[in-house]
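The values are calculated or read from the model by the stated rules, or taken from the named source; none is laboratory data. Quick caveat: nothing in here was measured; it's all calculated off a predicted structure. As a convention, Cβ positions derive from the backbone with ideal geometry for all residues, glycine included, and neighbour counts pool all protein chains shown. Accessible surface is based on the protein model in full, side chains and every heavy atom, while ligands, DNA and RNA are left aside. Shrake-Rupley method; radii C 1.70, N 1.55, O 1.52, S 1.80 Å.
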Amino acid sequence: MVKGLVVTKKMTNFARSKNKIMKRQVKIAPSLLSANFGHLEQDLEVINNSEADWLHVDVMDGVFVPNISFGFPVLKHVARISKKPLDVHLMIVQPEKFIREFKELGTMMMNVHYETCPHLHRVIQQIKEAGMKAGVTLNPATPVSAVVDVLEDVDMVLLMSVNPGFGGQKFISHTLDKVRDLRERIDRCGSNVLLEVDGGVNLETGAQLVEAGADVLVAGNAVFKAPDMAEMIHLLKNL
Ligand code: DX5
Ligand code: ZN
């Protein structure tokens, strides 16, 4: 009886540790767009000392999206202070024009929008040749099937769960179906491509996204408007 109990316990522990190994560790990328630019250095210092994995940097041109964010003088300052790898999200037309500049900035991941790149395959190769990781981003209305022919070329697919341009918008719940669909496609071809989601991520939508198969969560307002930013990052990371 006692022996049986010990064996059962051992088996349960084994199942638990196996589960732990199988569990995907989600990465968190706070979005700089929601930072307080009045005390940017303080905010960046909190991110530096937090469990955040990357710093998400939204660059907008007022053409592809109806908003303008920050340019190179601000970005250079941010890059100097940030200890986290830069996950740059380019909401600009002709992003290929700035590959050299983003490389010089120290960008780790350069994400371009599918909708801005008629020669997406070429742009991905150029980003990788420059020594950065390449990500492709899809607007909410762009189907997941749009990336199948570059899935083996990219390092990450970023699914927008809001229409790009602004922080603090409501999460579009259909994104969960897209995450499940893309997760299945990535797993089916045994690739290491990361699946990132951006827009309206909080503790509730974040948990749903992790369950659906997201690897990386971008969070702007949820982090920067939280009373304790580091604690919010910790909670998101351990959903
Ligand atoms: C929106 C940006 C997002 C935005 C997210 O165009 O790409 O990164 O900052 O902000 P929240 O998390 O507040 O929706
Ligand atoms: Zn973004």
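Things to note:
- Residues in the range 78-87 that are touching a residue at least 12 places away in the same chain (Cβ under 8 Å) and either of a type in the set (S, T, N, Q) or open to solvent by 30 Å² or more (accessible area, probe 1.4 Å) (or both): 81, 82, 83, 84, 85.
- Checked against the criterion of being crowded, with 19+ Cβ neighbours inside 10 Å and not in a helix (DSSP H, G or I), the candidates 223, 162 yield just one match: 162.
- Of all residues in the range 87-96, none satisfies being closer than 30 Å to residue 228 by Cβ and more than 16 Å from ligand 1 (Cβ to nearest atom).
- Set side by side, the residues 36, 48 differ, and just one is modelled with pLDDT of 95 or more, of a type in the set (S, T, N, Q) and over 20 Å from the mean Cα position of the chain (by Cα), which is 36.
- The range 147-160 residues that are more than 16 Å from ligand 1 (Cβ to nearest atom), paired with ones that are assigned to a strand (DSSP E or B) and open to solvent by 10 Å² or more (accessible area, probe 1.4 Å) (beta carbon under 6 Å, 6 or more apart): 155/133
- Identity of the residue in the range 156-209, away from ligand 2 (no atom under 16 Å from the Cβ) and hydroxyl-bearing (Ser, Thr, Tyr), that ends up farthest from residue 133 (Cα to Cα): 173
- For the range 134-148, the set of residues classified as of a type outside the set (Val, Ile, Thr) and either surrounded by 15 or more Cβ atoms within 10 Å (Cβ to Cβ) or closer than 13 Å to residue 193 by Cα (or both) consists of 134, 135, 138, 139, 140, 146, listed by residue number.
- Among all positions in the range 202-220, there is no residue which is in contact with a Phe, Trp or Tyr (Cβ under 6 Å, 6 or more places away or on another chain) and open to solvent by 20 Å² or more (accessible area, probe 1.4 Å).
- Residues satisfying the stated conditions in the range 165-187, i.e. within 14 Å of ligand 1 (Cβ to nearest atom) and outside any loop (DSSP other than H, G, I, E, B): 175
- Residue within the range 67-75 that is away from ligand 1 (no atom under 16 Å from the Cβ) and within 30 Å of residue 189 (Cα to Cα) present: no
- Scan of the range 142-195 for residues that are of a type in the set (S, T, N, Q) and closer than 25 Å to residue 67 by Cβ, ordered by number: 142, 161, 163, 169, 173, 175
- Here 28, 21 are screened, and the one residue that is at pLDDT below 95 and outside any loop (DSSP other than H, G, I, E, B) is 21.
- Residue, surrounded by the fewest Cβ atoms within 10 Å (Cβ to Cβ), within the range 179-198, restricted to residues that are under 16 Å from the mean Cα position of the chain (by Cα) and in contact (Cβ under 8 Å) with a residue 40 or more places away in the chain: 194
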